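Structure, as structure tokens:
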Amino acid sequence: MGNNKIKSYTKGISWAIFASTLWGISGTILQFISQNQKIPSGWYLSVRTLLSGIILLIIGYFIEGNKMFSIFKSWRLVGWLIAYALIGLMGNLYTFYLSIQNGNAASATILQYLSPLFIVLGSLIFKHQKPLKTDIISFVIALVGVFLAITRGSISTLAIPVSALIWGILSGLTAAGYVVLPKPIQEEHSEVVVLGWGMLISGVLFNLHHPLWIGSPKITTQLVVSLGSVILIGTIFAFLSLLHSLKFAPSSVVSIVDAVQPVVTFILSIIYFHLKITIAEVIGSILIVIAIYILQHYRSSIE
């Protein structure tokens, strides 16, 4: 590998680490919102998705211009977009929020981080693709890691409520949909436009269920800053940073540094929420990160 390629990869990885760090920060802020601000989940999701979609589509217009509307000329792309909005975005945002609300950001992030394993399982079930040996090794390591992280090493004890565990696993499943479902659309449109339309559709549907003008919480400076931070840091800045990183390094390289997110969330949860963790939880979290690294590293080497 030449020096120029190494420099390019280093720059790409740096931007990806920055994006992953922003998502880690956003997860911590989300825990503060869900547990301290007493915000109805329906109202929060309506506001976050609608505003994020509008902002992203404005950015997308500067990238693609009127081409961004051509996505609706193909029923095939519209079908994938709706599936992405319903399962990948609405499903993931809702389950992740409830996992944090019922448990904590650190556990929710770790459980969501299992999404690559669900992608492999999905390929096995729906496409009948036999898993690699490294897939099986990763799966076993991840299961041990999850067991240690959520039980603290004791079967009789759960580190988080059962509801948080269930929502966290569902968050991992929907996160897999978030990765897989938009791929056919991304072949013809930029990621910003795809995410923007997905967020806007999600925002409209969330508002049909819970309009943002009904049952809204008391609007305070703290609420505006917290919500604005999640939208800007966790959606706009993080995504654009990740998008920028792909200009310098391939997705197979960039995806490996996703491990930064749960680490950042754990550290911030310890500092700001005084999260008490045991050695078993630390070991479990490390094992999950290792498992996903093995999976992504060996998968990317054969693609």
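The values are calculated or read from the model by the stated rules, or taken from the named source; none is laboratory data. What you see is a predicted model, and the numbers here were worked out from it, not measured in a lab. Every residue, glycine among them, receives a Cβ derived from its backbone with ideal geometry; neighbour counts consider all protein chains shown. Ligands, DNA and RNA are stripped out before the accessible areas are found, and what is left, the full protein with its side chains, is counted by its heavy atoms. Shrake-Rupley method; radii C 1.70, N 1.55, O 1.52, S 1.80 Å.
Let's see how each residue does on (1) in contact with a helix residue (DSSP H, G or I) (Cβ under 6 Å, 6 or more places away or on another chain); (2) modelled with pLDDT under 80; (3) hydrophobic (A, V, I, L, M, F, W, C):
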| residue | (1), (2), (3) |
| --- | --- |
| VAL257 | yes, yes, yes |
| TYR272 | no, no, no |
| THR278 | no, no, no |
| GLU281 | yes, no, no |
| ILE288 | yes, no, yes |
| GLU303 | no, yes, no |
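Go over the candidates SER46, SER34, SER20, SER74 one by one and state the one that is open to solvent by less than 40 Å² (accessible area, probe 1.4 Å), farther than 22 Å from ASN104 by Cα and among the hydroxyl-bearing types (Ser, Thr, Tyr).
Of SER46, SER34, SER20, SER74, the one residue that is open to solvent by less than 40 Å² (accessible area, probe 1.4 Å), farther than 22 Å from ASN104 by Cα and among the hydroxyl-bearing types (Ser, Thr, Tyr) is SER74.
Which numbered condition trips up ILE233, out of (1) under 14 Å from the mean Cα position of the chain (by Cα); (2) open to solvent by 60 Å² or more (accessible area, probe 1.4 Å); (3) modelled with pLDDT of 85 or more?
(2)
Is there any pair linking a residue in region 82-106 that is within 28 Å of PHE72 (Cα to Cα) to one that is surrounded by fewer than 22 Cβ atoms within 10 Å (Cβ to Cβ) and of a type in the set (Asp, Glu), with Cβ under 8 Å and at least six apart or on different chains, and which?
none
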